[in-house]
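Quick note: the coordinates plus some simple rules give every number you see, no bench work behind them. Because the structure is predicted, anything quoted here is derived from the model rather than measured. Every residue, glycine as well, gets a Cβ built from its backbone with ideal geometry; the counts of neighbours run over all protein chains shown.
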Amino acid sequence: MPRSQNKVASHRRRKKLLDQAKGYWGGRSKVYTVAKHHVEKALTHAYKDRRAKKRLFRGLWITRINAAARTNGTTYSRLIAGLDKKSITINRKVLADLAATNPQAFAEVVKYATA
């Protein structure tokens, strides 16, 4: 009895991978074995950079908070320490947005945290 190879599933699997490699240069988008390596590498970078993006944004928020805090006569570290001491739980994303869009409200937060 001949061996069954399930050509339909194999073809779909290869086609799916080559579709993921669409737009790659040269053989990277046309040769299955080459495309397989580059798609795998691309997915690895995508996974890693989704986590790096979170670190990058946190740094951006801290920079924005520090700049706004300095215009209000304090520093980032003193502001965060003051918020912790007063048991105010407000995250950096919201603080940075407040500093950029509503400076008066941010000034009130700074005044309350440093008082």
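A compact table of results
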| item | result |
| --- | --- |
| Looking only at the range 21-44, and only at residues there that are charged (D, E, K, R) and outside any helix (DSSP H, G or I), the one that is surrounded by the fewest Cβ atoms within 10 Å (Cβ to Cβ) | Lys22 |
| Selection count, the range 84-108, where residues are surrounded by 17 or more Cβ atoms within 10 Å (Cβ to Cβ) and either under 21 Å from Lys54 (Cβ atoms) or among the acidic types (Asp, Glu) (or both) | 5 |
| Any pair with Cβ under 6 angstrom, 6 or more apart, that starts in the range 82-103 at a residue that is on the phi > 0 side of the Ramachandran plot and touching a residue at least 60 places away in the same chain (Cβ under 8 Å) and ends at one that is in a helix (DSSP H, G or I) and loosely packed, with under 14 Cβ neighbours inside 10 Å | none |
| Residues located in the range 69-100, provided they are part of a helix (DSSP H, G or I) and aliphatic (A, V, I, L, M) | Ala69, Leu79, Ile80, Ala81, Leu83, Val94, Leu95, Ala96, Leu98, Ala99, Ala100 |
